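Quick note: the coordinates plus some simple rules give every number you see, no bench work behind them. None of these values were measured; they are calculated from a predicted model.
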Amino acid sequence: MVLALLQGTQEIGYGTLYVYVGLFILLVMGFVATILAVARLIAPSRRSSREKRNVYETGEARITDPWRPFPVRYYIFALLFLVFDVEAAFLFPWAVIYRSLGLYGFVEMVVFVLILGVGLAYAWKKGALEWV
């Protein structure tokens, strides 16, 4: 039958195609399971130690609990940075096609910058830009 399929002398029904796809999926799943089993068998055993379980970020020992509350002002500072970074990303393409936009494009960008300026003034007034 395979030779007939390769030569194109016999038509294949949809049911037969689904059987082939199903067999191929089973073959792939068996291959993956075999590879995972062999990897488990030949992998070196890992002995857990206290040193291995320690968190390593800077090479220093932990002093405080890592789950203590983190000051929200750092998140706010980071979000403000992202907002104004995105503003800069919008300003560059606008500057490239500025002449083709005309007065309408200029007014749109002025409104955009004014809205962001009001947001910056508000954040500054609330003290969100003070790091410590």
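I need the shape label for the range 70-126. Rule: rounded when a/c is under 1.5, else prolate if a/b > b/c, else oblate, with a, b, c from the alpha carbon gyration tensor. Because a/c hits 1.5 or more and a/b fails to exceed b/c, the range 70-126 counts as oblate. Taken one residue at a time, the phi angles of the range 73-86 give Karplus couplings (6.51, -1.76, 1.60, θ = phi - 60°) of 4, 5, 5, 4, 4, 5, 5, 5, 4, 5, 4, 7, 5, 5 Hz. Gly and Pro are set to x.
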